[in-house]
1. How many angstrom separate the Cα center of region 57-79 from the Cα center of region 81-143?
2. Note the full-extension length gain between residue 56 and residue 34 as 0.36 nm times their separation in residues minus their Cα-Cα distance, in nm to one decimal.
3. Taking the square root of 5 times each eigenvalue of the Cα gyration tensor, what semi-axes in Å does the equivalent ellipsoid of region 37-103 have, largest first?
4. Hey, what angle do you get for helix 2-21 against the long axis of the chain, alpha-carbon based, 0 to 90 degrees rounded to 10?
5. Estimate the FRET efficiency between residue 27 and residue 99 by the formula 1/(1 + (r/R0)^6), using the beta-carbon distance for r and 30 Å for R0, to the nearest 0.05.
6. Of 69, 118, 167, 144, how do they rank once you tally other Cβ atoms within 10 Å and put the fewest first?
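Please treat every number below as a calculation from the coordinates, not as lab data. If you're wondering where the values come from, they're calculated on a predicted model, not measured in any experiment. Note: ideal-geometry Cβ built from the backbone for every residue, glycine included; neighbour counts use all protein chains shown.
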């Protein structure tokens, strides 16, 4: 009887321990997302972007939360990564197939878009300009306010336009295949 009681208590304590082990940490404040450029819904991707989506939450974004004229990770958390499945022309620059970090330097009238060979970096803290593969400049436009930072692809004549959007700011980069 005594052994049965001790065994029952041990099983009960063990079940409490395993119940605690099943708890999950809080959700990401800036959820990770993936955006694909593909010819159609069932086609294999031609470009893939993995990024985190910070939220506006009533804040002033560009020129404040994201300072002008400083390298930005283009999202939140880890630096955004872009994978080209074949050689492309990115904003007029030839880029070989492969995976790159995507950084930006937002400005009031002009943005610099950067492809960099350094992968798996947190933010832009260890950004190294010497590892840049391509740099292009483009001008931002405005649109309706968007709560979450987003990256999307629109079909274009020779490939896609990759659109970066947050708050009322839109930046478009042509990707030709």
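1. That distance is 15 Å.
2. Extending this stretch completely gives an extra 6.0 nm.
3. Calculated on Cα positions only, the semi-axes equal 27, 15, 10 Å.
4. 10 degrees
5. That gives a FRET efficiency of 0.70.
6. Lowest to highest Cβ neighbour count: 144, 69, 118, 167.
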